[in-house]
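What follows draws every value from the coordinates through simple rules; no lab data is involved. All values derive from a computational prediction rather than experimental measurement. In this analysis, Cβ positions are derived from the backbone assuming ideal geometry, glycine residues included, and neighbour counts consider all displayed protein chains.
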Amino acid sequence: MKYIRDRFSGCIIGQCLGDALGFPLEGHPSTECKRYVEGILKRGRAGEISRPPYPFGQYTDDSQLARELLLSYVSCGGFNPEDYAGRIAVIFKDGLIVGRGRATEEAALRLINGTPWYKAGTPPPSAGNGSAMRAAPIGLIFHDNPEALISAAHDQGRITHQDRRCSAGAVAIAGSVALAIREDRIDTHRFITCLSEWVGLIDRGFASHILRLEEWLRLTPDDAVRSISAAGIINNKQYVRWDGISPFVICSVLWSVYSFLRSPDDYWETICTAIYPGGDVDTTAAMAGAISGAYNGIQAIPEHLAHRLTDNGRWGFEELLNLARRAYEVKMHQEGKRRS
């Protein structure tokens, strides 16, 4: 069981570091992100570039909200959407969020004003990746219970996003973490088929895109990004104008899973692929990093960079590592109670 504990740690640290590596180039075009990957990340110069006024290592709302989900789980001894919604409200109310998304902020304001968690979510057609970016801890908590995973991913997602595509994206990321944490060797066909089945219980259209990952994985990133970046987008000017992977939930989730499955045994290569096409690269690297960290464990993540993680001087490497270990202990305690 120690190995599973290392995967809990790998997931949260892997997400936060991926986020921090993508943050300096968030929203930048593909040409700049390709130069960053080839000239900085792949040449051992990671950490030289930050996003002022923040130092290198600062992670964004993607990982802040994933951390709060794990904190809620530890505090409550289980998944409690009402408690988690309260934590989302507090972090926005206190002005601590970094890189906020519009739909999530709108929902947080409704929560602050007293709207119940199950009514606060921004309605369709708003379909950003805010619910998916923070869903990785659900995969840790329910890696052994797909039915509970799907329900919890949906519930934590609808706190801020009511569109079912957003819930499906949350299931895809949580499901990917669950499949990663359970496997010692990734069978790509089985991984994609299972993930599509789970996602299809929420949104069949999204599930059909998941199945196309087998086809896209035969392509280079330069070729694959053309199809993945357009997946599910029909006459949506908000996302069509993006250079690279937009914050639209379908394409950003697909690119994150593609990045992991292209190099499942190599955390660093997964992060490089996630950032390479440009666009919403802090989020794609956060989601891909969470999946890769859950599969490869904490030992696969560059320690010298992970130790520079920060959230405005708080919640650095040691605090995050301790949180992951506490979450693991809660999970093991729950399993022990269930068996007794």
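Does region 148-232 come out rounded, prolate or oblate, given a ≥ b ≥ c as the square roots of the eigenvalues of its C-alpha gyration tensor, rounded meaning a/c under 1.5 and, failing that, prolate meaning a/b above b/c? Mind dumping the intermediate values first?
On the way: a/c = 2.16, a/b = 1.27, b/c = 1.70.
Verdict is oblate for region 148-232.
How big is the charge dipole of the chain about its Cα centre, in debye rounded to the nearest 20, if each Lys and Arg gets +1 on its Cβ and each Asp and Glu gets -1 on its Cβ?
Details: 38 positive and 39 negative charges, 66 e Å.
It comes to approximately 320 debye.
Between Arg325 and Arg43, what length in nm is gained on full extension when 0.36 nm per residue of separation is reduced by their alpha carbon distance? Working shown, then result.
Details: separation 282, 0.36 × 282 = 101.52 nm, distance 3.23 nm.
So the chain would gain 98.3 nm between Arg325 and Arg43.
Is the shape of the chain best called rounded, prolate or oblate, per the rule: a/c under 1.5 gives rounded, else a/b larger than b/c gives prolate, else oblate, with a ≥ b ≥ c the square roots of the Cα gyration tensor eigenvalues? Can you show the working numbers first?
Values: a/c = 1.16, a/b = 1.12, b/c = 1.04.
Cα axes put the chain in the rounded bin.
With θ set to phi - 60°, apply the Karplus curve 6.51 cos²θ - 1.76 cosθ + 1.60 along region 249-257 and write out the HN-Hα couplings as whole Hz, x wherever there is a Gly or Pro.
After applying 6.51 cos²θ - 1.76 cosθ + 1.60, I find 4, 5, 5, 5, 5, 4, 5, 5, 5 Hz.
Classify region 48-158 as rounded, prolate or oblate, taking a ≥ b ≥ c as the square roots of the eigenvalues of its Cα gyration tensor: rounded when a/c is under 1.5, otherwise prolate if a/b is larger than b/c and oblate if not.
Numbers: a/c = 1.65, a/b = 1.24, b/c = 1.32.
It comes out oblate by the Cα gyration axes.
Using a 10 Å cut-off around each Cβ, can you sort Trp268, Trp216 from fewest to most neighbouring Cβ atoms? Show your work: numbers first, answer last.
Numbers: Trp268 18, Trp216 22.
Ordered from fewest to most neighbouring Cβ atoms within 10 Å, Trp268, Trp216 come out as Trp268, Trp216.
Each label point is 7 Å from the Cα along the Cα-to-Cβ direction; what then is the distance between the points at Asp187 and Ala148, in nm?
For the pair Asp187/Ala148, the computed spacing is 2.5 nm.
Give, rounded to the nearest 20 debye, the magnitude of the charge dipole that region 189-320 has about its Cα centre when Lys and Arg contribute +1 at Cβ and Asp and Glu contribute -1 at Cβ. Could you put the intermediate results ahead of the total?
Values: 10 positive and 16 negative charges, 92 e Å.
Roughly 440 debye, rounded to the nearest 20.
Just to check I understand the Karplus step: with θ = phi - 60° and J = 6.51 cos²θ - 1.76 cosθ + 1.60, what whole-Hz values come out for region 308-325, glycine and proline as x?
9, 4, 7, 10, 6, x, 10, 6, x, 4, 5, 5, 5, 4, 5, 4, 4, 5
Hey, can you grab everything whose amide H is under 5 Å from the amide H of Asp311? Only 5+ residues off in sequence or another chain; H modelled, so Pro and N-termini drop out.
Gly316
For Phe248, what residues show an amide H to amide H distance below 5 Å, using hydrogens built from the backbone and excluding near sequence neighbours?
none
Assigning unit charges at the beta carbon (Lys, Arg +1; Asp, Glu -1) and nothing else, what dipole magnitude in debye, to the nearest 20, does region 1-118 show about its Cα centre? Numbers along the way, then the final one.
On the way: 15 positive and 14 negative charges, 83 e Å.
The dipole magnitude comes to about 400 debye.
Fewest Cβ neighbours within 10 Å first, please rank His161, His143, His333 accordingly.
Numbers: His161 29, His143 23, His333 11.
So the residues, fewest neighbours to most, are His333, His143, His161.
Arrange the following residues from fewest to most other Cβ atoms within 10 Å of their Cβ: Lys337, Lys93, Lys331. Walk me through the numbers on the way to the answer.
Details: Lys337 9, Lys93 13, Lys331 22.
Ranked by crowding around the Cβ, least crowded first: Lys337, Lys93, Lys331.
Given the rule -39500 (n - 2.57) for each run of at least 4 DSSP H residues, summed and divided by the residues of the chain, what is its mean residue ellipticity at 222 nm, to the nearest 500 deg cm²/dmol? Could the numbers behind the result be given before it?
Working: 18 runs with 212 residues, N = 340.
Here the helix-only value at 222 nm equals -19500 deg cm²/dmol.
Given points 7 Å out from each Cα along the Cα-Cβ axis, report the Arg212 to His307 separation in nanometres with one decimal.
The answer from the label model is 4.5 nm.
Once Lys and Arg get +1 and Asp and Glu get -1 on their Cβ, which of Met133, Pro146, Gly101 lies farthest toward the positive end of the dipole of region 96-162?
Value: Gly101.
Near Asp19, within a Cβ-to-Cβ distance under 13 Å, what is the net charge of the other residues, with Lys and Arg +1 and Asp and Glu -1? Walk me through the intermediate numbers first.
Working: positive: Arg51, Arg67, Arg134, Arg308; negative: Glu26, Asp61, Asp62, Asp280, Asp282, Asp311.
Taking every other residue near Asp19 into account, the sum is -2.
Name the residue farthest towards the positive end of the dipole of the chain from the options Ala89, Gly44, Ala178, assuming +1 on Cβ of Lys and Arg, -1 on Cβ of Asp and Glu, about the Cα centre.
The one lying farthest along the dipole's positive direction is Ala89.
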